[in-house]
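**Student:** Sharing a structure, written as structure tokens. Questions coming.
Read the figures in this text as sums done on the coordinates, not as results from a lab. Computed from a prediction, not measured in an experiment: that's the story for all the values here. In this analysis, Cβ positions are derived from the backbone assuming ideal geometry, glycine residues included, and neighbour counts consider all displayed protein chains.
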Amino acid sequence: MKFVARFLLLLVPIFLLSSCEIGDDGTFEGGSFYIDVTVSPNPPVVGNNTFLITVTTTEGAPVNDATITVTVEMPIQGTVLAVDPPVSNLGSGQYNIGPVNFDQAGLWEVTIVAERGQEDGVWVKEYTVTE
């Protein structure tokens, strides 16, 4: 019986975490906003790539006036893209990020932060960029 109770205690947090909206299999790190991400091409390649994000409140309302910050780094080498990719507000909570130019193949981590006043949302994902 103790085994079943422990097993259930492990399953409940996994179930709750799996119900978070995380977009493109990234990790929703928390905050007041959800960030849904689509990358093109998918998976990303060496050269120019585009990220389309949709930012919503936890109630699902679009966030049209967020400040979007993007960090792109290659964790193994400590390489960070020298130029922040441009962000365009498309309205209805949608933002276009790009071009994002990956200069070499390998594992890259993309972090997207949406902020408005004291509210924010953070999304993180690692991509294996190919030639």
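**Student:** Normalising by the residue count of the range 22-129, find the relative contact order in percent from Cα pairs under 8 Å and 6+ residues apart.
**Tutor:** Working: 259 pairs, mean separation 37.7, N = 108.
Relative CO of the range 22-129 lands at 35 percent.
**Student:** At a 10 Å Cβ-Cβ cut-off, how would you order D36, D84, fewest neighbours first? Each step should come with its number before you reach the end.
**Tutor:** Values: D36 18, D84 13.
The order, fewest Cβ neighbours first, is D84, D36.
**Student:** If you rank S92, S32 by fewest surrounding Cβ atoms within 10 Å, what's the result? Display every interim value, and only then the final one.
**Tutor:** Details: S92 11, S32 15.
Result, fewest neighbours first: S92, S32.
**Student:** Here is a further query. Does the range 22-129 classify as rounded, prolate or oblate by the C-alpha gyration tensor (a ≥ b ≥ c root eigenvalues; a/c under 1.5 gives rounded; else a/b over b/c gives prolate, otherwise oblate)? Present the calculation step by step, with values, prior to reporting the outcome.
**Tutor:** Details: a/c = 1.91, a/b = 1.72, b/c = 1.11.
Here the range 22-129 falls in the prolate category.
**Student:** OK, next. Which length gain, in nm to one decimal place, applies between T128 and S32 when the Cα-Cα distance is subtracted from 0.36 nm times their residue separation? Walk me through the numbers before you get to the answer.
**Tutor:** Details: separation 96, 0.36 × 96 = 34.56 nm, distance 2.86 nm.
Computed gain between T128 and S32 is 31.7 nm.
**Student:** Sticking with this structure for a sec: Please check which bits of the range 31-55 a label hung off Q77 would reach, taking the label as a point 7 Å along Cα-to-C-beta and the cut-off as backbone N under 18 Å.
**Tutor:** Residues 44-49 qualify, since their backbone N sits under 18 Å from the label point.
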